[in-house]
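All remarks here apply to the structure that follows.
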Amino acid sequence: MDHGPKEGDSAGAAAGDAARGAAAAAAASSSGGVVVQVREKKGPLRAAIPYMPFPVAVICLFLNTFVPGLGTFVSAFTVLCGARTDLPDRHICCVFWLNIAAALIQILTAIVMVGWIMSIFWGMDMVILASEYRYNEHRIPQHL
């Protein structure tokens with residue numbers, strides 16, 4: 001009787017090869033192998049979300065939850081007040097208008113629920129960025 005691989009066994013062999021490769025990679029990384037770093041690439045609208053104080057971000061999330069786009073509209077004005085964004089090479093007015101555009105997209109597409117969902121996720125991103133900002137702010141030594 002022949003117990004060799006059959007036609008349908010190629011997927012099983014590939015899975016076995018992948019498992020062995022993963023085990024080899026784990027062994028290599030535990031012995032000082034290559035370190036891989038992953039960075040999130042943000043589009044211009046997502047990168048324009050400002051790093052706001054935590055209470056302001058929570059208010060914007062609340063506004064976005066009940067009136068789609070309103071919290072995003074309010075957050076656009078925090079850019080004019082000096083809030084930092086992930087677009088440091090762009091002019092403040094450009095970042096302001098990107099936030100206004102995001103708010104308009106949320107308002108106009110709220111009718112079909114897409115904008116409302118986008119608005120809630122946008123508000124959640126604001127709170128996440130604010131919590132990261134607050135965490136990093138306390139870790140940076142103050143020299144003054």
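The values are calculated or read from the model by the stated rules, or taken from the named source; none is laboratory data. These numbers were taken from a predicted model, which means no experiment stands behind them. All Cβ positions, glycine included, derive from the backbone under ideal geometry; neighbour counts span all protein chains shown. The accessibility values were calculated without ligands, DNA or RNA, using every heavy atom of the protein model including side chains. Shrake-Rupley method; radii C 1.70, N 1.55, O 1.52, S 1.80 Å.
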Regarding region 36-44, can at least one residue be identified that is modelled with pLDDT under 90 and among the polar types (S, T, N, Q)? yes
Test each condition in (1) in contact with a Phe, Trp or Tyr (Cβ under 9 Å, 6 or more places away or on another chain); (2) more than 14 Å from Arg46 (Cα to Cα); (3) open to solvent by 30 Å² or more (accessible area, probe 1.4 Å) for Ile59 and report the one that comes out false. (1)
Since Ala83 meets every condition but one in (1) aliphatic (A, V, I, L, M); (2) open to solvent by 40 Å² or more (accessible area, probe 1.4 Å); (3) in contact with a strand residue (DSSP E or B) (Cβ under 7 Å, 6 or more places away or on another chain), which condition does it not meet? (2)
Any pair with Cβ under 8 angstrom, 6 or more apart, that starts in region 86-100 at a residue that is touching a residue at least 40 places away in the same chain (Cβ under 8 Å) and under 12 Å from Phe73 (Cα atoms) and ends at one that is assigned to a helix (DSSP H, G or I) and among the polar types (S, T, N, Q): Asn99/Thr72; Asn99/Ser75
Hits in region 107-124 - residues which are among the aromatic types (Phe, Trp, Tyr) and open to solvent by less than 80 Å² (accessible area, probe 1.4 Å): Trp122
Could you tell me whether Pro68 is over 17 Å from the mean Cα position of the chain (by Cα) and within 21 Å of Ile111 (Cβ to Cβ)? yes
Restricted to region 107-129 and to residues being assigned to a helix (DSSP H, G or I), among the aliphatic types (A, V, I, L, M) and over 17 Å from Ala57 (Cβ atoms), the residue nearest to the chain's Cα centre (by Cα) is Ile117
Identify the residue in region 88-106 that is open to solvent by 80 Å² or more (accessible area, probe 1.4 Å) and in a helix (DSSP H, G or I) and, among all such residues, is nearest to Leu63 (Cα to Cα). Leu104
Exclusive hit being at pLDDT below 95 and in a helix (DSSP H, G or I), set His138, His143: His138
